[in-house]
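Peer 1: Before I ask anything, here is the structure I am working with.
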Amino acid sequence: MDVRTMHDRWSDVAELIAAHREIAGLLIGALTFLECTAVVGVLFPATATMLAIGGMVGARLLDPIVIGPPAIIGAILGGWLSFRMGRWLGPRVLYRRPFRRHRPAAARARLLFSRHGVALLLAARYYAPARATVPMVAGILNMRRSRFHIADAAAAVLWVVSLLTIGSLAAAALDEVAIGATGKLILFAAMVILTSAISTAAMKRLFGGERGRVRGGMDARQAARP
């Protein structure tokens, strides 16, 4: 996805919410639900959109007390549905096409979840390809329900609060800059896109590095076998 397309998408969503502030909580709750649901979640530029909504909070166009709870509930329910989809599919899906050709990757994922399942669920919220798929993988690998639900709720709260806060602070800071409204909008858009790109790159590096360490550990154990 190029920068212009991403900008257009979150701008359209932000404009829709700004135009219907009386039902903003409902719209944002539906948005976070879709963003955190497997399959459809990859279609939404979640980080950029949530930062833009935070900007509207900073500009006093939206009340965080009104939109915060629905956003958190939507994120929790999206993760829960993805987890339920994974539980329904179950480990048997790993033995079917096209997954069975990736059995070594599935084994690494199982080991990764056994070690860092909760941390992965928290970090995945900030990485678009993993936000909705990691909860589904947790379900496929039969992660304990109570453990998942606690981690899912904590991740949803942290994700929503952090992005809305960053967006709000950025908008408040721009109010102090002596430039026109158009210039502020362009600068805020650039900040949103940059923050989204940095977040994605950091999470991609984290997940890639962790996979490499797990792979190395598995290779070492295999080499040590007689």
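Peer 1: Calculate the spin-label point distance for residue 111 paired with residue 61, positioning each point 7 Å from the Cα along the beta-carbon direction, and give it in nanometres.
Peer 2: 4.9 nm
Peer 1: What order do you get for 148-156, 132-140 when each peptide is scored by the mean count of other beta carbon atoms within 10 Å, highest first?
Peer 2: 132-140, 148-156
Peer 1: Taking 0.36 nm per residue of separation and subtracting the Cα-Cα distance, what length does fully extending residue 153 through residue 19 add?
Peer 2: My answer for the length gained is 45.3 nm.
Peer 1: Near residue 28, within a Cβ-to-Cβ distance under 14 Å, what is the net charge of the other residues, with Lys and Arg +1 and Asp and Glu -1?
Peer 2: Its environment carries a net charge of -3.
Peer 1: Find out how many positive minus negative residues lie around residue 153, taking Lys and Arg as positive, Asp and Glu as negative, among other residues whose Cβ is under 13 Å from that of residue 153.
Peer 2: Result for the local shell: +2.
Peer 1: Suppose R0 equals 30 Å; then what is the FRET efficiency for residue 43 and residue 93 from their Cβ-Cβ distance, rounded to the nearest 0.05?
Peer 2: 0.85
Rule-based calculations on the coordinates, nothing more; no lab input. Here the structure is a predicted model, which is why all the values come from computation and not from measurement. Positions of Cβ are generated from backbone atoms using ideal geometry, with glycine treated the same way; all protein chains shown enter the neighbour counts.
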